[in-house]
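The values are calculated or read from the model by the stated rules, or taken from the named source; none is laboratory data. Just so you know, these numbers come straight off a predicted model, no measurement behind them. Heads up, the Cβs are rebuilt from the backbone with ideal geometry, glycines too, and the neighbour counts pull from every protein chain shown.
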Amino acid sequence: MTHLKQKSFTLIELLVTIAIIAILAGLLLPSINNVLKKAKETNCISNLKQLGLACITYRDDWRDRMPAWTSDLYKSYLPSAKVYRCGMDTNPADREYKDWTAEPTPKFIEAYDRFGSVGKYGHLPNVKEHKDDPADKVAQVSYFYEFSDALCTWKNDGRSWAEVKYNQLRNERNEYPPHQRFRDALQYFPTVRCYWHLQKGKEEPMINVSWSGNIFRSVMEWEKGIL
């Protein structure tokens, strides 16, 4: 019986094959990353839409008042706690819940839905204390809430974030062009915001859900411009 001799790869051929695979992987990787990033962004937009709708429903039930914290919406207005988590959130999984940040740089941390946060009028967020907390509450919140009951350190005049924002809605005009009254542009007045999609080194694009419930993009200081 004649045995056919099986041809094996030479070292040169093997190295060339590996090099080609590496080049193809290098070409495909950015595309795969972009697809994954887009999928996470789409999921985040869905979360924000659900949060926006829940806020509108809450206002209908409570004489146009916003909840003290976004976590107050769970479970009466939002049945799933997963809505509170953005896929782009880079907080380490083992980070203590009280130290979880709602943006890459921990500014205005008093307004976060975190265990230990206390509102001006004594309202507490509806959140877990730690990962082993058995309570049926929200764990981590990736989103920044503009209408929280917390004292507003941005203004530092004794008002809560909600009081500052309601005053903007009722009485103030944007200091930036086109100097429109805030109450006349409710579709661009943010209630809940996601910082996790900001491009590195840039203050845009922020993804926001507005008082009216629509999604829009803006620079970080949203009064300066809509994208």
Restricting to segment 130-143, name every residue that is of a type outside the set (A, V, I, L, M, F, W, C), within 20 Å of Glu103 (Cα to Cα) and surrounded by 13 or more Cβ atoms within 10 Å (Cβ to Cβ).
Gln140, Ser142, Tyr143
Determine, yes or no, whether Val118 is of a type in the set (A, V, I, L, M) and farther than 15 Å from Met66 by Cβ.
yes
Please specify each residue of segment 41-77 satisfying the condition of being among the aliphatic types (A, V, I, L, M) and in a helix (DSSP H, G or I).
Ile45, Leu48, Leu51, Leu53, Ala54, Ile56, Leu73
Subset of segment 179-193 [surrounded by fewer than 19 Cβ atoms within 10 Å (Cβ to Cβ) and within 21 Å of Glu203 (Cβ to Cβ)]
Ala185
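Conditions tested, residue by residue: (1) over 15 Å from Tyr145 (Cα atoms); (2) crowded, with 16+ Cβ neighbours inside 10 Å; (3) at pLDDT 95 or above.
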site: Ile32; (1), (2), (3): yes, no, no
site: Lys38; (1), (2), (3): yes, no, no
site: Leu51; (1), (2), (3): no, yes, yes
site: Asp60; (1), (2), (3): yes, no, yes
site: Arg65; (1), (2), (3): no, no, yes
site: Val83; (1), (2), (3): no, yes, yes
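Out of the residues in segment 92-126 meeting the condition of being in a loop (DSSP other than H, G, I, E, B) and charged (D, E, K, R), tell me which one is farthest from Leu151 (Cα to Cα).
To start, the set of residues in segment 92-126 that are in a loop (DSSP other than H, G, I, E, B) comprises 92-96, 100-108, 112-126.
Right, trim to charged (D, E, K, R) and you get 94-96, 103, 107, 113-114, 120.
On the way: Asp94: 28, Arg95: 25, Glu96: 23, Glu103: 18, Lys107: 13, Asp113: 13, Arg114: 14, Lys120: 6 Å.
Selected residue: Asp94.
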Looking only at residues that are small (Gly, Ala, Ser) and buried (at least 23 other Cβ atoms within 10 Å of the Cβ) in segment 144-161, which one is nearest to Leu51 (Cα to Cα)?
Ser148
Does Asn167 satisfy the criteria of being touching a residue at least 60 places away in the same chain (Cβ under 8 Å) and closer than 21 Å to Ala68 by Cα?
no
Just one listed residue, out of Asn208, Asn174, Asn214, is surrounded by 13 or more Cβ atoms within 10 Å (Cβ to Cβ), farther than 18 Å from Met66 by Cβ, polar (S, T, N, Q) and touching a residue at least 24 places away in the same chain (Cβ under 8 Å), and it is Asn174
Looking at (1) assigned to a loop (DSSP other than H, G, I, E, B); (2) in contact with an Asp or Glu (Cβ under 9 Å, 6 or more places away or on another chain); (3) closer than 25 Å to Leu227 by Cα, which is the one condition that is false for Pro177?
(2)
